[in-house]
Amino acid sequence: MVLNWHGRAETLQCLHALAALSYPNLAVILIDNDCREFTADELSQLVANGRYVSTEVNLGFAAGANLGMRYALEAGRTTFGFSTTTRSRSQMRCRS
């Protein structure tokens, strides 16, 4: 589950990182929290098994995340929440 609120660039990077995972049963739920920066069609082009949910109002982080978890649990899925700053291992850089 990825929660987006006016962070299209970061969310795109996160979705690309998730799409690069080799886990065969990965499903991504994108909650577009009152900003409509994505579409269901766009998400389906970014990740193989995605579900797009757009809210009418900004639910905030906790309620938006709970909505995503509810969708996942209703589909019988194990749920993990990802920050939009999630990156793949190859994108991570160590700083001293």
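No value in this document is a laboratory result; all are computed from the given coordinates. Computed from a predicted model, the values in this text were never measured in an experiment. All Cβ positions, even for glycine, are placed from backbone atoms using ideal geometry, and neighbour counts span all protein chains on display.
The figures follow:
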item	result
More than 18 angstrom apart: percent of Cα pairs within region 2-89	36 percent
Cβ-defined net charge surrounding Phe38, 13 Å radius [Lys, Arg +1; Asp, Glu -1]	-3
Amide H within-cut-off set for Gly50, under 5 Å, with H built and near neighbours excluded	Val28
For peptides 51-64, 29-42, sequence by mean Cβ density within 10 Å, most packed first	29-42, 51-64
Relative contact order for region 2-89, counting Cα pairs under 8 Å that sit 6 or more residues apart, in percent	41 percent
